[in-house]
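The values are calculated or read from the model by the stated rules, or taken from the named source; none is laboratory data. Small disclaimer: the values here were computed from a predicted structure and weren't measured. Note that each Cβ is placed from the backbone with ideal geometry, even for glycine, and that neighbours are counted across all protein chains shown. Remember, those area values only see protein heavy atoms, side chains included, never the ligands or the DNA or RNA. Shrake-Rupley method; radii C 1.70, N 1.55, O 1.52, S 1.80 Å.
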Amino acid sequence: MKRLKKTSVITSLLIGCLWLTMMLTGCQGQTANPVSGHAAYYWSTVFRLSPEQRSFLRDHAIGRLYVRYFDVVMGQEGEPMPNATIQFNDSFPQGVEVVPTVFILNECMAKETSGLAHKIAARILQMNETHDVLNVREVQIDCDWTRRTERRFFAFMDSLRSELQAKGIRLSSTIRLHQLSQKAPPADRGVLMLYNTGDFTDINCQKPILDAEVVGPYLKYLASYPLPLSAAYPLFSWQILFRGKRFVGIIHGEDEYPILPTDSIVNRDVTLDEILKVRQMIARQREGIHDEVILYELNDKNIQKFNHNDYEKILAD
């Protein structure tokens with residue numbers, strides 16, 4: 001009788017352990033974010049902080065900068081290659097963590113990616129060493145992968161994650177709204193990109209940067225998404241050139257395009273009300289997503305868009 005009771009206890013313990021394992025696996029989507037605080041993207045090809053930007057970082061306790069190191073594009077030989085590498089002409093503020101970020105064109109995932117992860121990891125580590133970027137704890141990949149390129153992108157991410165883990169570095173991935181309904185990439189965490197929600201090439205699209213009505217239908221996938229997530233919100237605006245109703249391009253500087261008298265230049269911006277509306281919508285669906293809030297992006301024009309209190313509302317935990 002005692003042996004039977006002992007066996008029953010052991011069985012119960014085993015069942016309990018199995019249940020706990022299943023619960024932990026099943027709750028993966030609610031895993032705590034390994035980072036927290038206020039952050040911003042830096043997306044220029046030259047790293048140089050203005051006095052206004054340094055004040056902004058200090059005033060809003062921005063403790064992390066996601067710095068675009070380089071892009072990966074298809075070269076003339078049909079192989080992925082680095083492009084638009086950042087030049088470091090300034091030092092990082094003390095106490096600000098740097099997350100090297102690499103933007104990869106989705107077309108680079110149309111071919112086999114063997115060896116690409118090693119090249120990217122080695123290039124990031126070399127840039128860190130050359131420019132004294134210390135204590136890097138995370139690398140981020142930004143790629144608008146699709147179902148067609150999913151297999152190769154995931155294989156690439158799996159390889160890169162292994163490379164970085166050997167150095168004690170996490171791997172994160174940007175997650176666009178349409179990717180919430182798809183499998184999560186092999187990464188330690190994700191950043192939900194809450195911008196570029198509309199078609200900026202359509203002259204009739206009034207809110208191509210952020211539109212709460214467009215965001216809403218995607219949020220049914222948010223609660224169960226199996227990666228820890230942060231949220232990134234837009235600060236930028238666009239001047240878009242149309243010829244007739246045909247999209248010509250986004251104007252970044254003077255004399256970029258020949259402008260005809262009959263052309264139209266439309267301004268597209270994002271309002272504080274729209275940001276706060278979307279922020280409230282996703283907070284209802286995903287507890288903890290605002291443990292880290294990221295602003296896109298840090299430059300003099302963008303940080304003048306709102307006042308101090310408005311930024312604190314966006315960045316609130």
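If you check Tyr311 against the conditions, is it over 17 Å from the mean Cα position of the chain (by Cα), modelled with pLDDT of 95 or more, under 23 Å from Ser44 (Cα atoms) and aromatic (Phe, Trp, Tyr)? Yes; evaluated as a whole, the condition is true for this residue.
Test Val278 against the criterion of being of a type in the set (A, V, I, L, M), surrounded by 16 or more Cβ atoms within 10 Å (Cβ to Cβ) and in contact (Cβ under 8 Å) with a residue 12 or more places away in the chain, and give yes or no. Considered against the rule, which asks whether it is of a type in the set (A, V, I, L, M), surrounded by 16 or more Cβ atoms within 10 Å (Cβ to Cβ) and in contact (Cβ under 8 Å) with a residue 12 or more places away in the chain, Val278 comes out as yes.
Once region 108-131 is narrowed to residues that are of a type outside the set (A, V, I, L, M, F, W, C), touching a residue at least 12 places away in the same chain (Cβ under 8 Å) and more than 19 Å from Gly75 (Cβ to Cβ), the residue that is surrounded by the most Cβ atoms within 10 Å (Cβ to Cβ) is Asn128.
When each of Lys313, Lys305 is tested for being open to solvent by 80 Å² or more (accessible area, probe 1.4 Å) and not β-branched (Val, Ile, Thr), the lone residue that passes is Lys313. Just to be sure before I move on: is Ser173 touching a residue at least 24 places away in the same chain (Cβ under 8 Å), of a type in the set (Ser, Thr, Tyr) and either under 12 Å from Pro100 (Cβ atoms) or open to solvent by less than 10 Å² (accessible area, probe 1.4 Å) (or both) in the structure I sent? Here the answer is yes, as Ser173 does meet what is asked. Scanning region 154-164 for residues that are open to solvent by 10 Å² or more (accessible area, probe 1.4 Å) and closer than 16 Å to Thr101 by Cα returns Arg161, Glu163. Among the conditions (1) of a type in the set (Val, Ile, Thr); (2) modelled with pLDDT under 95; (3) exposed (fewer than 12 other Cβ atoms within 10 Å of the Cβ), the only one that Val46 does not satisfy is (2). Taking region 281-302 as the range and being touching a helix residue (DSSP H, G or I) at 6+ places or on another chain (Cβ under 9 Å), over 23 Å from Pro217 (Cβ atoms) and open to solvent by 20 Å² or more (accessible area, probe 1.4 Å) as the test, the residues that pass are Asn299, Asp300. For region 223-269, a residue qualifies if it is within 30 Å of Ala187 (Cα to Cα) and not polar (S, T, N, Q), and the qualifying residues are Ala223, Tyr225, Pro226, Leu227, Pro228, Leu229, Ala231, Ala232, Tyr233, Pro234, Leu235, Phe236. Could we say that Glu256 is free of Cβ contacts under 8 Å to residues at least 40 places away in the same chain and surrounded by fewer than 19 Cβ atoms within 10 Å (Cβ to Cβ) here? Considered against the rule, which asks whether it is free of Cβ contacts under 8 Å to residues at least 40 places away in the same chain and surrounded by fewer than 19 Cβ atoms within 10 Å (Cβ to Cβ), Glu256 comes out as yes. When region 180-214 is filtered for residues that are β-branched (Val, Ile, Thr), touching a Lys or Arg at 6+ places or on another chain (Cβ under 9 Å) and open to solvent by less than 20 Å² (accessible area, probe 1.4 Å), only Ile209 remains. Any residue in region 68-75 that is hydrophobic (A, V, I, L, M, F, W, C) and in a helix (DSSP H, G or I)? Among the residues of region 68-75, not one is hydrophobic (A, V, I, L, M, F, W, C) and in a helix (DSSP H, G or I), which makes the answer no. Applying the condition of being small (Gly, Ala, Ser) and open to solvent by 10 Å² or more (accessible area, probe 1.4 Å) to region 215-242 and asking which residue is nearest to Glu150 (Cα to Cα) yields Ser224.
Each row is one residue, and each column tells you yes or no for (1) modelled with pLDDT of 95 or more; (2) among the β-branched types (Val, Ile, Thr); (3) open to solvent by less than 40 Å² (accessible area, probe 1.4 Å).
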{"position": "Ser12", "(1), (2), (3)": "no, no, no"}
{"position": "Gln30", "(1), (2), (3)": "no, no, no"}
{"position": "Ala39", "(1), (2), (3)": "yes, no, yes"}
{"position": "Pro51", "(1), (2), (3)": "yes, no, no"}
{"position": "Phe70", "(1), (2), (3)": "yes, no, yes"}
{"position": "Glu79", "(1), (2), (3)": "no, no, no"}
{"position": "Asn89", "(1), (2), (3)": "yes, no, no"}
{"position": "Glu97", "(1), (2), (3)": "yes, no, yes"}
{"position": "Thr101", "(1), (2), (3)": "yes, yes, yes"}
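The residue pairs whose first member lies in region 147-165 and is closer than 17 Å to Leu180 by Cα and part of a helix (DSSP H, G or I), whose second member is modelled with pLDDT of 95 or more and among the charged types (D, E, K, R), and whose beta carbons are closer than 8 Å, counting only pairs six or more residues apart or on different chains, are Glu150/Lys183; Phe154/Lys183.
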